[in-house]
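Okay, structure first, notes after.
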Amino acid sequence: MKHVYFRIAMTLLWVVVGVISMNPLFLIVGAVFGWSAYDLWKKTRDGGEGR
């Protein structure tokens, strides 16, 4: 689960930096981290190992 929390934190960091700097690349990277965190959370929630 700590990988999910780390990815959520990275998502928030990239999105905040993207909004402040008005750089869409940071928002895209934040979206990728968010999707990755959601996918990993969903796998661990469904009983998988998350790997």
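Please identify the pairs in which a residue from the stretch 23-50 that is open to solvent by less than 50 Å² (accessible area, probe 1.4 Å) and among the aliphatic types (A, V, I, L, M) has its Cβ atom under 8 Å from the Cβ atom of a residue that is modelled with pLDDT under 90 and not in a helix (DSSP H, G or I), counting only partners at least 6 apart or on another chain.
From residues that are open to solvent by less than 50 Å² (accessible area, probe 1.4 Å) and among the aliphatic types (A, V, I, L, M), the pairs are Leu40/Gly50.
Any idea which of Val32, Val19 is part of a helix (DSSP H, G or I), more than 15 Å from the chain's Cα centre (by Cα), of a type in the set (A, V, I, L, M) and at pLDDT 90 or above?
Of the residues listed, the single one that is part of a helix (DSSP H, G or I), more than 15 Å from the chain's Cα centre (by Cα), of a type in the set (A, V, I, L, M) and at pLDDT 90 or above is Val19.
Please list, ordered by first then second residue, the pairs with beta carbon atoms under 6 Å, 6 or more apart or interchain, first in the stretch 7-18 and over 22 Å from Lys42 (Cα atoms) and surrounded by fewer than 14 Cβ atoms within 10 Å (Cβ to Cβ), second of a type in the set (S, T, N, Q) and at pLDDT below 95.
Between residues of the stretch 7-18 that are over 22 Å from Lys42 (Cα atoms) and surrounded by fewer than 14 Cβ atoms within 10 Å (Cβ to Cβ) and residues that are of a type in the set (S, T, N, Q) and at pLDDT below 95, there is no close pair.
The values are calculated or read from the model by the stated rules, or taken from the named source; none is laboratory data. The shown structure was predicted, so the numbers you read here are calculated from the model rather than taken from an experiment. Neighbour counts run over all protein chains shown; Cβ positions are idealised from the backbone, glycine included. Surface areas here come from the heavy atoms of the whole protein model, side chains and all, with no ligands, DNA or RNA. Shrake-Rupley method; radii C 1.70, N 1.55, O 1.52, S 1.80 Å.
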